[in-house]
Amino acid sequence: MAVLPSAVAFLLLVSFSPTVNIANSQSFIGVNYGQVADNLPPPSATAKLLQSTSIQKVRLYGSDPAIIKALANTGIGIVIGTANGDIPALASDPSFAKNWINTNVLPFYPASKIILINVGNEVMTSGDQNLMNKLLPAMQNVQNALNDVSLGGEIKVSTVHSMGVLKQSEPPSSGSFDPSYEDLMKGLLGFNNATASPFAINPYPYFAYRSDTRPETLAFCLFQQNAGRVDGNTKIKYMNMFDAQVDAVFSALNSIGFKNVEIVVAETGWPYKGDDNEIGPSIENAKAYNGNLIAHLRSMVGTPLMPGKSVDTYLFALYDEDLKPGPGSERSFGLFKPDLTMAYDVGLSKSSQTPATPKTPTNPSPTSKKATWCVPKSGVSDAQLQDNLDYACGRGIDCSPIEPGGACFEPNTLASHAAYAMNLFYQTSDKNPLNCDFSQSATLSSNNPSYNACTYPSGSGSN
């Protein structure tokens, strides 16, 4: 019998629970709106652009009043930030914190839906011990200033960390904080826990790939077909780097007693171009990473250690920032161009987005000339078929038809079960031919493999 991966049954129950509200489940998708550029469109145009997408939250690195005002009455959640340079004053002078709130929040809220204030960015790994020591008092004073105007329960306060705060992230179950930061981290996490504010961090599988450029690492980072990586402690097989990094953060929080603090991914992305000597940037890779990440979030599968929910994730970035220093990739993370067109399509447009949870597509009429199915090539080994089955069913699709009692359980063979799962994965992944590759063991076919009561979903072979 074909063996479904051990965690899939639970994940499917969670992913396809009737309580999931698809219409409201896009709230976990946000975007970073950086401004280190001289060619950005007007804030009003950006507000209209965002309203045409499924993006529900925007993170600013500062508190630009024009942008905050432009987002008024859109319903889009806004994250604003204080400069690192303001941390000493915020920490030492409560009146400075009150003035900051009076200037950057009160004139705009609640019409502009400010939901979070980040005090500084990647302070803990800045190497500035003075800033690191003053970060918690600064956050406390900002929180007190919000409390004084009765907004303490409406707007959260936190700070953003790089993955550098972890000493260990592999395997994910061994995730732990760098001991040199641990005492300060406990104070910050105590604040997060007491105020129900999130622990915000910036995981980038792109940077993991840059340090290990093997093809199998690229596939692991891009959510593509791969052999997976087994955590030797938990025996969990991870199928993508994003889940592994987020679970490493969860393990680090758990190791010092803060597993209940919410994790927010404040930044993650992939550049679509770079300098000639840079490995990894390309439109194909950027589209694969961001598109597959969005599909993964919409599936509501979650991570192995946090199943059944999607962490709030802010994609990096809304636009390129042409004035940023460094290699070319630093200026090439934008999802949209300054003329408001897409740099590449990852399904964020409301008119083209994929469902929030995978759904079986409706079969086209028999007269459709574009119906295609994803099927195994002839001669594929059982080991490859089992890998394909594990991969497809582990991505949140509904594999219940090939479970005992399901319409497609018979014939009870690995080849039959894998074929069904591979096709369903392809059909629920925007029918992108790249998702009918399975390590070159699959192909698209115009011959309908359905039989008896077992119907294989079909659809157009083009996006």
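The values are calculated or read from the model by the stated rules, or taken from the named source; none is laboratory data. Worth saying up front: this structure is predicted, and the values here are computed from it rather than measured. Please note: Cβ atoms are built from the backbone with ideal geometry, for glycine as well, and neighbour counts cover all protein chains shown. Surface accessibility is based on the protein's heavy atoms, side chains included, excluding ligands, DNA and RNA. Shrake-Rupley method; radii C 1.70, N 1.55, O 1.52, S 1.80 Å.
Measuring r between the beta carbons of Phe207 and Leu106 and using R0 = 30 Å, the FRET efficiency lands at 0.20.
Using the beta-carbon distance between Asp275 and Ser180 and R0 = 35 Å, what value does 1/(1 + (r/R0)^6) give for FRET efficiency, to the nearest 0.05?
0.60
Proximity of backbone amide H atoms, modeled 1.01 Å from N, is registered between Phe177 and Lys167 at under 5 Å, excluding neighbours fewer than 5 places apart on the same chain. Among rounded, prolate and oblate, which fits region 95-146 when a ≥ b ≥ c are the square roots of the eigenvalues of its C-alpha gyration tensor, a/c under 1.5 means rounded, and a/b larger than b/c means prolate? Note, shape of region 95-146 comes out prolate. Scalar couplings 3J(HN,Hα) for region 437-446, obtained by applying the Karplus form with A = 6.51, B = -1.76, C = 1.60 to θ = phi - 60°, are 10, 6, 6, 6, 10, 10, 8, 8, 9, 9 Hz; x denotes Gly and Pro. Once the gyration tensor of the Cα atoms in region 24-166 is diagonalised, the equivalent ellipsoid follows with semi-axes of 26, 18, 14 Å, ordered largest first.
Over the chain, with every protein chain in place, what whole percent of the accessible area is carbon and sulfur at 1.4 Å, could you tell me?
51 percent
Here's how it looks for Thr303: its modeled amide H is under 5 Å from those of Gly308, Lys309, which are all 5 or more places away or on a different chain.
Subtracting the Cα-Cα distance of Asn233 and Ser126 from 0.36 nm times their residue separation leaves 35.3 nm of extension gain. Compactness check for the chain: Cα Rg over 2.2 N^0.38 Å is 1.02.
Each residue of region 187-194 was assigned a 3J(HN,Hα) from its phi angle through the Karplus expression (A = 6.51, B = -1.76, C = 1.60, θ = phi - 60°), giving x, 5, 5, x, 5, 4, 5, 5 Hz with x at Gly and Pro. Let a ≥ b ≥ c be the square roots of the eigenvalues of the Cα gyration tensor of region 377-437; is it rounded (a/c under 1.5), or, if not, prolate (a/b larger than b/c) or oblate? The shape class here is oblate. Annotation for Ser349 and Val36: the two label points, set 7 Å from Cα along the Cα-Cβ direction, are 3.0 nm apart. The residues of region 281-347 have, on average, 33 Å² of accessible surface per residue, using a 1.4 Å probe with all protein chains present. Here's how it looks for Thr443: its modeled amide H is under 5 Å from those of Val375, Lys377, which are all 5 or more places away or on a different chain. Here the sum of -39500 (n - 2.57) over DSSP H runs of 4 or more residues, divided by the residues of the chain, equals -10000 deg cm²/dmol at 222 nm, to the nearest 500. Calculated FRET efficiency, Thr341 to Glu216, Cβ-Cβ distance, R0 = 56 Å: about 0.95 to the nearest 0.05. Each label point was placed 7 Å from the Cα along the Cα-to-Cβ direction; for Asn193 and Lys377 their separation is 5.3 nm. Taking 7 Å steps out from each Cα toward its Cβ at Leu434 and Ser92 produces label points 5.1 nm apart. Residues in region 125-166 average 38 Å² of solvent-accessible surface per residue, probe 1.4 Å, ligands and nucleic acids excluded.
Computed over region 207-247, the P(r) curve from all C-alpha pair distances, binned at 10 Å from the origin, holds 33, 56, 11 percent per bin. Counting each pair of different Cα atoms once, what's the Kirkwood radius of region 226-321 in Å, rounded to one decimal? Roughly 14.9 Å, rounded to one decimal. Note on Ala45 and Ile283: the extension gain reaches 83.2 nm, defined as 0.36 nm multiplied by sequence separation minus the Cα-Cα distance. Residues in region 388-404 carry Karplus couplings, in order, of 4, 5, 4, 5, 5, 6, x, 9, x, 6, 8, 8, 4, x, 9, 8, x Hz; the curve used is 6.51 cos²θ - 1.76 cosθ + 1.60 with θ = phi - 60°, and Gly or Pro positions show x.
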